[in-house]
Amino acid sequence: MGDHGKMYVPEDLLPVYREHIVPLADIITPNQYEAELLSGRKIKNEGDALEVMKWFHDQGAKTVVLSSTELGSENELLGLASSVINGTSTRLQIGIPRLPVNFTGTGDLFASLLLGWMHHTDSNLKKSVENTVDTMQTILRRTLDMARQEAGPDTPLTVRHLELKLVQSLDDIRSPVSKCKASVLEN
């Protein structure tokens with residue numbers, strides 16, 4: 001839907017997403033901006049984020065992952081996740097290393113990877129979030145390295161340079177190397 005204060009879809013679709021699409025979702029993976037738009041609530045701290053995730057659960061989503069928030073540090077974004085499945089509640093947070101460029105398509109990639117890992121791990125939220133973030137980081141770093149090589153040292157990187165290198169990352173998608181660890185939050 002959007003990121004960094006800018007909507008990618010027409011603004012008049014927001015009520016359609018909020019009122020019709022969100023209640024149909026089992027798993028939802030908004031970034032902070034999208035979560036704020038959909039819930040109508042600002043996220044200024046972790047407590048606000050947990051309240052927004054609760055709002056999504058109240059709308060019917062079983063699993064909510066805020067794929068990135070600005071609640072981390074200068075070097076790290078903070079991802080937050082919550083699931084309520086068969087009466088069992090799990091809440092997590094995970095640090096996501098911040099890279100010095102913006103990529104296009106990371107939200108779609110994050111959602112795809114998380115869905116695949118949730119299926120593959122029988123809905124193990126912790127393992128799915130860790131594998132998703134690990135795979136994302138590998139793909140983004142490979143993309144950045146290849147973009148720098150392609151552009152050369154004196155050429156600014158463009159969107160064309162930063163196209164996600166998915167084919168080159170297929171082995172990493174299938175078998176991520178575990179580096180990022182999620183921590184369980186108290187309920």
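The values are calculated or read from the model by the stated rules, or taken from the named source; none is laboratory data. In this text, all values refer to a predicted model and were calculated from it rather than measured experimentally. With ideal geometry, Cβ positions are generated from the backbone for all residues, glycine too; neighbour counts draw on all protein chains shown. Calculation scope for accessible area: heavy atoms of the full protein, side chains included, ligands and nucleic acids excluded. Shrake-Rupley method; radii C 1.70, N 1.55, O 1.52, S 1.80 Å.
A few remarks follow.
- When segment 158-171 is limited to residues that are aliphatic (A, V, I, L, M) and open to solvent by 60 Å² or more (accessible area, probe 1.4 Å), the one that is farthest from L109 (Cα to Cα) turns out to be V159.
- Index of the failed condition, G116 passing every other in (1) part of a helix (DSSP H, G or I); (2) buried (at least 17 other Cβ atoms within 10 Å of the Cβ): (2)
- Odd one out for V52 among (1) modelled with pLDDT of 95 or more; (2) in contact with a Gly (Cβ under 8 Å, 6 or more places away or on another chain): (2)
Let's see how each residue does on (1) within 13 Å of the chain's Cα centre (by Cα); (2) over 23 Å from D134 (Cα atoms); (3) without any contact (Cβ under 8 Å) to a residue 24 or more places away in the chain:
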position: Y8; (1), (2), (3): no, yes, yes
position: E11; (1), (2), (3): no, yes, yes
position: L38; (1), (2), (3): no, yes, no
position: N45; (1), (2), (3): no, yes, no
position: D48; (1), (2), (3): no, yes, yes
position: S68; (1), (2), (3): yes, no, no
position: G72; (1), (2), (3): no, no, no
position: G87; (1), (2), (3): no, yes, yes
position: T90; (1), (2), (3): no, no, no
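- For segment 151-169, a residue qualifies if it is within 21 Å of the chain's Cα centre (by Cα) and either modelled with pLDDT under 85 or in a loop (DSSP other than H, G, I, E, B) (or both), and the qualifying residues are V159, L162, E163, L164, K165, L166, V167.
- Restricting segment 44-93 to residues that are open to solvent by less than 10 Å² (accessible area, probe 1.4 Å) and among the β-branched types (V, I, T), the residue that is farthest from E186 (Cα to Cα): T69
- The set of residues from segment 20-43 being of a type in the set (S, T, Y) and either open to solvent by 60 Å² or more (accessible area, probe 1.4 Å) or part of a helix (DSSP H, G or I) (or both) comprises Y33, S39.
- For A81, the criteria (1) free of Cβ contacts under 8 Å to residues at least 60 places away in the same chain; (2) part of a strand (DSSP E or B) hold in every case but one, which is (1).
- Residues that are farther than 19 Å from I96 by Cα and either touching a Lys or Arg at 6+ places or on another chain (Cβ under 6 Å) or open to solvent by less than 80 Å² (accessible area, probe 1.4 Å) (or both), drawn from segment 141-157: M146, A147, A151, G152, T155, L157
- Given (1) open to solvent by less than 50 Å² (accessible area, probe 1.4 Å); (2) assigned to a loop (DSSP other than H, G, I, E, B); (3) not charged (D, E, K, R), number of the condition N102 does not satisfy: (1)
- Hits in segment 55-75 - residues which are in contact with a helix residue (DSSP H, G or I) (Cβ under 8 Å, 6 or more places away or on another chain), outside any strand (DSSP E or B) and under 15 Å from L114 (Cα atoms): A61
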